[in-house]
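Reviewing the structure listed below.
Just so you know, all these numbers are worked out from the coordinates, no wet-lab data involved. It should be emphasised that the depicted structure is a prediction, and the values quoted were computed from it without experimental measurement. Note that we place each Cβ from the backbone using ideal geometry, even for glycine, and neighbour counts take in every protein chain shown.
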Amino acid sequence: MGERLLTIKDLSTHFFTHAGVVKAVNGVSFTLDRGETIGIVGESGSGKTVAAMSLMRLIPDPPGKVVEGSLMLGDRDLRTISDDEMRGVRGNDIAMIFQDPMTSLNPVMKVGKQIAEAITLHQDKGKREAWQMAAKLLARVGIPDADKRVDQYPFEFSGGMRQRAMIAMAISCNPDVLIADEPTTALDVTIQAQIIDVVREMQAQFDSGVILITHDLGVIAEISDKVMVMYGGRTVEYGPVDEIFYNAHHPYTWGLLASLPRLDESEKTRLTPILGQPPNLITLPAGCPFTARCPYRREECRDKWPAHEAVGPDHGVHCWIPVEERVAIRAGLPHFKEPAA
Amino acid sequence: MIAYIIRRLLQLVIVLFGVTLITFGMLKLVPGDPAVALAGKNATPEKIAFVRHERGLDRPFYVQYIRYVERLVHGDLGESLYTARPVAEMIREAAPVTIQLAVAAVLIELLGIPLGVFSALRQYSFWDTTLTTAALILWGIPVFVLGYFAMYIFGLKLDWLPIGGVGPTVLGIIPSTWESWQTLILPALTLGVIEIAYISYMQRASMLEVSRSDFIRTARAKGLTERKVIWGHGFKNAVIPVMTIAGIDLGALIGGAIITETVFNRPGIGLLIYQGINQRDVAVIAGGVLFATFFFVFANLLVDLGYAWVDPRVRLED
């Protein structure tokens, strides 16, 4: 792994609404190195996107606020630099690809202009040059006829092509960190694989660090080096991708894995859903947010957040169940018939 | 773009066909035999029959309609029953007065766009609340109430402005003297201020909606300044729906002009129609309505062309 790009420590982002304080992210920590991909996985409302937007300082304030933690990009503190400096970071050092390519591009601006805009903003390039670069970028992300396409509007692009254009825009200034917020969720399955390939290629070319936000463990398995599992705004488990898939320690991670279809399953088995509803982020318990849905919950779970527990190389978990007991429970789960541990 | 204009012009033809059919039907449906009226008092049945035949009034409906359209094309709108003057001439005189008022009102109305954006950028602030409340109140006031109120305050009590009439112009519609401008101020404000309220309210809503959209987030994520995000990406998108609304609203503007002209005694199309109604002068009413419709349809066409100019999805589709 290369140099350290990002160091996030104890990030908490809350939204102060009339209904109460929405604790969207609570004490999340992770790091990202050059050339590395971290997958952030969790269901809707688990705080994945808010964590990423906090990093970009794009949380609408009011009502949102980063209330705690340090966000370091190299040696720059993203929480304290000026707005001007932050604008220099956005799109240049940290770029973002969004979930819905249909709505994430300006419908009345030419695709080329939307890409060239970022280039002229962060690089010392004239309009013509930026436009030519935009065409080259489109070709690079696999859009045929890029010279013609650059002159078109988003509505003349298909969903997959728009997402490619989004990627072209994001990589236009060779960012150190690329945040992809559910880049494939809104796309056809066949297009999804192509987009993931494009992201991977671009990462290889530019040697960026990638934060991939998704609820699709399949995508995570394909491209991530390490995985952070989030639930109710908290990191419940964190570790290298193989550890998460074969040596998971948190009941929520088990639930996620059990709800994945498996092609190697010979008999017809039903997918196992995680029962219950996602937590209300206003009335979160002081302890583990997964308590209400956890089949193995115990008394201490609700009221106290368990400390970080190292269970392997770079692999940590927050859970009150003692480690031996966890391994025993997991061995009995249908999904972990041949546990790697 | 050219295909779009051609398509719009073809639609225009259909609309005008419908309108002429309605105004012609209006002329036909009025009780009383026009042949009797035209032949004059104490006319012999032979004379009435002669007039009826001469004017083609004994021909089938569609033949009469085609003749009517033929005459329209040649600028003949018939004669006023009351003054016996050609209606076309009366409309030619009245039209600039109405166009002057409508253009002035539209120019005032456009102030609603910056006001709406201003409000939206400060959502829930003191100024936003004040402007929105004022807009809602104004929007609820009928034109004639506001007209008489303005006339009473600024015309009678304060004696700042004339309470009616029109002044000399250049190019037909631009007031050429200070007095002429003064006569325009009250009616244009009366008509325009209510529209400002409407437009600013719509512009505010549209701007708020756009500012929450994904592509605005994308623009911010690029590192653009807030100014560029709002004006470069947000404004154009936010103004599109308002343009549509403003186009539809032109109809209300013409309706408002009829009332405003009556209140301020401006000899425009509105007053002409109003007097026509009072005197049951059908040819004048039909001519006035025809003009108002032409005006409306034409203005709508301009708005739609502007719309296509701003929005590539309209311009480039098929």
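Neighbour counting of Cβ atoms within 10 Å sorts the residues A:SER82, A:SER12, B:SER119, fewest neighbours leading, into A:SER82, A:SER12, B:SER119.
Helical content alone sets the calculated 222 nm signal of chain A at -9000 deg cm²/dmol, taking -39,500 (n - 2.57) per DSSP H segment of four or more residues and averaging over every residue. Projecting label points 7 angstrom from Cα along Cα→Cβ for B:VAL30 and A:ALA286 puts them 8.7 nm apart.
Straight-line cross-link partners of B:LYS28 among the lysines, defined as a Cα under 22 Å from its Cα and at least 8 positions apart when in the same chain: B:LYS41, B:LYS47. Highest GNM mean-square fluctuation, chain B, Cα pairs closer than 10 Å: which of B:ASP33, B:ASP128, B:ASP249? Largest GNM mean-square fluctuation: B:ASP33.
Using R₀ = 22 Å, calculate the FRET efficiency as 1/(1 + (r/R₀)^6) where r is the Cβ-Cβ separation of B:HIS74 and B:GLU54; round to 0.05.
For R0 = 22 Å, the calculated efficiency reads 0.75.
Charged side chains reduced to their Cβ positions (Lys and Arg at +1, Asp and Glu at -1) give chain A a dipole of some 720 debye around its Cα centre.
Applying 1/(1 + (r/R0)^6) with r as the Cβ-Cβ distance of B:THR244 and A:ALA204 and R0 = 51 angstrom yields a FRET efficiency of 0.60. So what does log10 I(q)/I(0) come out to for segment B:88-310 at q = 0.07, 0.08, 0.17 Å⁻¹, using the Debye formula with one equal point on every Cα and no solvent? Each listed q maps to, in turn, -0.27, -0.35, -1.18. Of A:LYS9/A:LYS226; A:LYS226/B:LYS222; A:LYS48/A:LYS113, which sit over 22 Å apart, Cα to Cα? Cα-Cα > 22 Å for A:LYS226/B:LYS222; A:LYS48/A:LYS113; rest within. The convex hull defined by the C-alpha atoms of segment B:2-73 has an orientation-averaged projected area of 5.6 nm².
Cβ under 14 Å from B:SER80's Cβ, B:SER80 left aside: what net charge do those residues give with Lys, Arg +1 and Asp, Glu -1? Around B:SER80, the surrounding residues sum to -2. Under 5 Å from the amide H of B:GLU79 lie the amide H atoms of B:VAL87, each residue being 5 or more positions distant or on a separate chain, with H modelled from the backbone and absent for Pro and chain starts. For A:VAL67, nonlocal amide neighbours, meaning residues 5 or more places apart or on other chains whose placed amide H falls under 5 Å from its own, are A:SER12, A:THR13, A:HIS14.
In order along segment B:197-206, the phi-based Karplus estimate (6.51 cos²θ - 1.76 cosθ + 1.60, θ = phi - 60°) of 3J(HN,Hα) comes to 4, 4, 5, 5, 5, 5, 5, 4, 4, 5 Hz; Gly and Pro are listed as x.
Near B:PHE118: Cβ cut-off under 12 Å, other residues only, Lys/Arg at +1 and Asp/Glu at -1. The net charge is +1. Could you work out how far the C-alpha centroid of segment B:30-45 sits from that of segment B:82-101, in angstrom? Going from one Cα centre to the other spans 26 Å. Based on Cα contacts under 8 Å between residues 6+ apart, chain B shows a relative contact order of 24 percent.
Proximity of backbone amide H atoms, modeled 1.01 Å from N, is registered between A:MET96 and A:GLY91, A:ILE179 at under 5 Å, excluding neighbours fewer than 5 places apart on the same chain. Projected over every direction and averaged, the convex hull enclosing the alpha-carbon atoms of the protein assembly as shown yields 41.5 nm².
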